[in-house]
1. Taking 0.36 nm per intervening residue step and subtracting the Cα-Cα distance, what contour gain separates C:Q127 from C:K679 on full extension?
2. Hey, rough spin-label estimate for B:K38 and B:D10, points 7 angstrom out along Cα→Cβ, what's it come to in nanometres?
3. Keeping all protein chains in the complex and leaving out DNA, RNA and ligands, what accessible area do you get for A:H221 with a 1.4 Å probe, in Å² to the nearest 10?
4. Determine, from the Cβ-Cβ distance of C:D817 and C:D710 and an R0 of 35 Å, the FRET efficiency 1/(1 + (r/R0)^6), rounded to the nearest 0.05.
5. Just to confirm my numbers, what's the Cα centroid distance between segment C:604-619 and segment C:797-828 in Å?
6. Show A:R380, C:R260, A:R28, C:R302 ordered by accessible area, largest first, where the area counts protein heavy atoms only and the probe is 1.4 Å.
7. Whole angstrom only: what separates the Cα centroid of segment C:643-686 from the Cα centroid of segment C:2-81?
8. Give me the residues in segment A:193-211 whose solvent-accessible area, probe 1.4 Å, is reduced by at least 10 Å² once all protein chains are included instead of the chain isolated.
Amino acid sequence: METPLTQNIGPGKLPLNLQEYRAAGGYRAAHKALLEMESKDILQLLQDANLRGRGGAGFPTGMKWSFVPMYKDREERPKYLVINADEMEPGTFKDRLLMEGDPHQLIEGIIISAYTLQAEVAYIFIRGEYQRSADLLNQAITECKAQGLLGTNIMHSRFNLDIFVHTSAGRYICGEETALLNSLEGKRATPRAKPPFPQVSGLWGRPTVVNNVETICNVPHIVNKGAAWYKSLSLTEDAGTKIFGVSGRVRNPGAWELPMGTPVREIIENYAGGMQDGYKLRGFLPGGGSTNFLTQEHLDLHMDYTSIGKAGSRLGTGTMIILDDKTCPVGMVRNLEHFFAQESCGWCTPCRDGLPWVEHILTEFEHGRGEIEDMEVLTRHTHLLGPGNTFCAHAPGAMGPLESALRYFREDFEAHIHSKSCPWTGIRGSHK
Amino acid sequence: MEKITALSADEIAEITAEASHYEQPQAASIEALKIVQKYRGWVSDESVKAVAQLLNMSPAELDGVATFYNLIFRRPVGKHVIMLCDSVSCWIMGCEGVGAQLRNKLGIEFGETTADGQFTLLPVTCQGACDRAPVMLVDGELETHLDEDKITAILANQK
Amino acid sequence: MVSIEIDNHIYQVPEGSNLLQACLSLGLDLPYFCWHPSLGSVGACRQCAVIQYQDRHDEVAGDQRDEQGRLVMSCMTPVSEGMRISIDAQNARNFRADIIELLMTNHPHDCPVCEEGGECHLQDMTQMSGHTYRQYRGKKRTHRNQYLGPFINHEMNRCIACYRCVRYYQDYAGGHDLQAMAAHNHVYFGRHEDGVLENEFSGNLVEVCPTGVFTDRTLSQHYSRKWDLQAAPSICVHCAQGCNTSPGERYGELRRVVNRYNSAVNGYFLCDRGRFGYGFVNREDRVTQAERVAEKSRESVRESLSRSGIRDALIEAIGPGKRLLGIGSPRASIEANFALRELVGADHFSAGLNNQQLNLQQSIIEILRTRPVRAPELREIEQADAVLILGEDVINTSPRLALSLRQTAANLGSKIADQLRIPVWQDAAVREAMQSDKTPVFIATITATRIDDIALKTYRDKPAGIAQLGFAIACAIDATAPFPEQLSEDQQNLAQQIAAVLKSAKNPLIVSGIGCQSQAVIAAAANVATALANRNSGEELQPTNLFYCLPESNSIGLGLMTSDEEGGLEHVIERLESNQADTLIIVENDLYRRLPPDRVERIFSSDATVIVLDHIKNETTLKADLLLPAATFAETEGTLVSGSGRAQRAFAVYVPTADIRGSWEWLSDMLALRNNEEKPRWQQVDEVTQSCGKAIGVLKGIADAAPDADFRLAGMKIARQPHRYSGRTAMLAAVNVSEPKQSVDPDSALGFTMEGFPGEKPSALTPYYWSPGWNSNQAVGKFQEEVSGPLRGGDPGVRLLEASTEPVKRWFETTPDVARGQGEWLLLPSYHIFGSEELSALSEAIIERSPLPTVMLTPEDAKSLGVAQGDGLTLSVASQSLSLEVIISDDCPKGALLVPAGLAKTAGLPFPYQVKATREIGWTRRLEVNILVSDKGTQR
Ligand SMILES: Cc1cc2nc3c(=O)[nH]c(=O)nc-3n(C[C@H](O)[C@H](O)[C@H](O)COP(=O)(O)O)c2cc1C
Ligand code: SF4
Ligand code: FES
């Protein structure tokens, strides 16, 4: 099994420095791209490879790039490439792995991508807490500059590129690509309306592409080995490998690079070691806190965009969170909705004022104060805050776990109401 | 321009360097606030005014940014800042119990600072270390697989 | 136009607009919050949702039709040919009801004590969206409020987070000290810390905020609901911009002023001087009774007069055979000035300005009447594609114009949006796309101005230098224009740059005015405009837009009825001193604001009897032998002509108390007395207006500014009191338990009653906007031809001046700078939006914001005078001497002393003037130097 993304990464292994990375075959792809390939060839290659965005939405990367206006004249409006390293989706810890494990891989990906897009400045937008990642990336950038891999006239290709690491200050919504752009401009991170898409008017109104860390890390390998190879890595239609992760009450929580389409059961049982003793799996969020619950009946699904989508959830970030039988599903949803309510940017009404209401009701449930009418209010919110109804995908994401929990764990909600207490914690209702 | 006295030369140098990375100096606002925070622990009204002037913003514009983000402290914090993850994986793995222990040992609630000014306890969202839950940050350093013994040891180390 | 289907009806709507705007323009009701007609769309509140279907109803067979549809935000959806939408569909209604319910989860139930109550857009939209019972059981979040200064109250708990306030304040008005703070449902709209909201247009927040977060603090001091305010269409009297207002009265007191929409003039917005400057009307020390000096030797002893006493006094003073002189006023209406002119005779009528002011004013009028230039309305100003401001600190002299110029600077956004195919109403996206690209604006002024941030280049100099720059620009555009001597290289380069930009513009705009008190500046602006009009020789002549800022509400109107010969006040003095008059009549004019005191004294020490008609107490009224109480704008009718030459009618809001009467009425009586006529010369103000229009050709149009007093709709007048004016029968119950008779108004088609024509009125006679379901000011949408278009039936007002279409090759010649005398300093004016204007400066809220009298000079000049910041400096200005506190600043030309114009202490100072200056010994410092935060933040 090939693991191109994590080939240089291992437990306890320090990240490779420039020399070591080169020795391991690094920067060959960049060399090839910048000196032997034209923009449009690389673009075509990515389209052929069917690389889809690893940030959660799964949008085809080649298609996204194709919306960027291409210039004949270098003097036209600047363009930007922005790497989304915000990784604040609850339960997600894959980009950290890539940045802490092999920073040069990301830098190489950026060089090729920026060259393809004719962007001469790239920003890595990284969440504030990932200080180690930021330090390692800065170190890698310094090494590259010294070796002529960044700066002006990279590898004598006449292509110039600066990469800057921009550390954020903690807000989940910064991961939403247009909010990210506002944040990068030093503004409040409220999302922007689309259209216009960032590819046309993004950072400071310039054409801008935003991609996830993992997405970009794939690029050098595709350039090196080609589209057919990339597709062959996968078990299903969606190409490549994917970093999958598992957290919760499993024996061996962690993240692994596996073929796209690896079955859920295999990931949980073979890699995460199965459930801890005394715990049973009741459900799981397949790709982070904003995806819909799936249950035992879905364990044989292939983990890829299409199959998980068909089952009514999303592949999301591919990092699963397991709900076990000793954890209150209502409490888990309350925890998630607390997160989403608190992380709402406050721009649009349904999200700003709806999520706190949802959280309030769920808290009441946990305290045995839920009422039967509340079920209707919760259901109403799952529609009200659905896709298209809010300004960005934050609130619809928040409704994923709620909507599916109401479907799969309805009896648990009702049990809270009828017993006026939480069956797991035993907290009884006392009216305030 | 008036001389900015509320900021040290080091702060000004670092902020100015950051600002040079962008088309507009304002883009360095968050990093500037973090630089001030690095030196002073938190961001006072005076600092907001000084940074604003440096970045060609008004204090209100900068404060709109400063108050938006979680990791910018607009109120004084203790010598050590403990941020316990309260998001879903850590919650499943028992962060509420860990939180109770912390509150107990420190004698403060979330959002408070100990009377001796040593510790501030804050909740924080998912740290991207869910496979090592429950986790917390102590002065920015990640502490994983928390349980009662580990917390006792960590607190003792910090004193 | 494209055709769209809304709830099974086909409509034609303009291409490129958004669905919300299209629906509102069609008169359909659709709720919204974050959208505002001048702020565009951002899609935040989600209140305006409708259902969009995939296919057109009539084109697809029943079973294949899309009946489910898709929810879209109408404000963010461009209309397109053939689209089918529904406002009425159940899923759309449900969604809107859910949204309003969410907005209300944190909104307090304080409508009974909220000042917005009764004209609250949130109330209206809650009704419209159908939310009645709350299901939310949680607590509401609460906020701490801030002190925001004398104009605005802050009650954040009422906030529904529509973001309109900050979008208006920052993006539209250019303010920097109001921001959205925090996140999620804690978002807070306020300042960085408590303090005065600094932007000069902060008052519009009161109208922009759809609920009661920002309310009018001056109104709260004598609060009344909208439905209890008697109102009339009026015109702002605090500069020559001619903004349309709707003042409201209750119990004989003016309670507030709000904007009255006029698409050509002020649109949706006023400046804070216009909104909060009304307090002078309510002052306790107002002139309410006729008084005369009891003993000629002791002026301070005064007695009030009865009706017959007045008559006797008047007969004595102005009876047949008495030789009269009259002094009119640019702050009095056309009718008041004309009546005076009729009384004293045109030859004995003075415009009430000093010679210098008169010359400046008259040359502006001459330029506007004879050159291929057009004095544009604000709406046209907002469309210019290049701007030169020559010598005028616009934000302080004609504030509302500055707000428009900000939009001019931003209008490049629509071009950029076009290129990127972003609809122009996509407000945030357009602003992002345009970044700092702006329509080129050049600002040449004596000192820094608060709109310098929109300028591509600024230039600071003394008036002579500014004029030179202007002459050089004109010459660079048209080489036949005179070239100024003594031009520096910098000036020359700048002139070349500005000329190139103006020349290539399609629709350039020149703004100037009398702020520099300089003939040369006015002439230079005219040369530039003339050169531009001539630039496309051979093609059809296209007049240049040229706007001159003038200080008073009727400067142009007065100018149009004055000829130079009659001279200024200096001429009156000569006549009085050569004993050519028995009686002098001064109408609404404080001469101490026009001339230094020693000059004015010469008027009062003459033998002539002085009659003064005015409403405020001032130095001049104190000196009157006979003082007659005149009505303010709020108590009488009158026509005012704005800087664009637009005649507009202001109507009385209420009946004044005691002996107060409009100046024209007093003068009409006086005419009868003088001519031994039985009845007053004019019974109605219309007669004065008409006589004036007949007598003075250029004023012919003024009678058409509004329908006359005989105008009726279905035989009815128009009510000044709203439909729900409450307690009318009980209002005076403490005095009289039976309902007093309603006052009649012979002077207009409006009545001081609740009774009147219920339907749509002519725009010039619409006192306020109100429509079923729309109690807030947003009701104005129901009165417009389309959103932000003209009012139905046309915007009020008549333009009196149109551009000459004759090419002109005459130039004003340049005049070299006057050499400065040894040890002399050039005294120059600085203007203050709050404080420099006479009437508003008497209003409490404005007084709080007025500056103290100071003198500004450069650091080098301060050094040579031996003064430091906070010291006192004594200026000898002609025979006068004056001590002021020193402010040191680089924003001041070298060799100049800058003094705030129009403050009590500085009002009569001549500008520009060569003065001597010495340091004052023993001066005690009074000022805290207070640089506005928002200036500090944006020093470029
Ligand atoms: C609320 C919200 C949070 C998001 N957070 C992240 C994130 O932390 N990292 C990320 O790569 N994408 C995140 N996304 C997705 C981005 O908007 C965007 O789709 C992605 O960065 C595009 O990159 P890709 O095409 O390479 O996946 C988030 C989206 C939403 C709506
Ligand atoms: S859904 Fe609305 S409030 Fe929520 S994060 Fe997106 S824009 Fe902000
Ligand atoms: S008016 Fe607010 S979303 Fe349309």
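The values are calculated or read from the model by the stated rules, or taken from the named source; none is laboratory data. Since the model is a prediction, treat every value here as computed from it, not as a measurement. We place every Cβ from the backbone using ideal geometry, glycine too, and count neighbours over all the protein chains shown. Accessible surface areas use protein heavy atoms only, side chains included; no ligands, DNA or RNA. Shrake-Rupley method; radii C 1.70, N 1.55, O 1.52, S 1.80 Å.
1. 193.2 nm
2. Going from the B:K38 label point to the B:D10 one covers 1.0 nm.
3. Spelled out: A:H221, probe radius 1.4 Å, area about 20 Å².
4. 0.05
5. What the calculation gives is 33 Å, centre to centre.
6. A:R28, C:R302, A:R380, C:R260
7. 52
8. A:A193, A:P195, A:P196, A:V200, A:S201, A:W204, A:G205, A:R206
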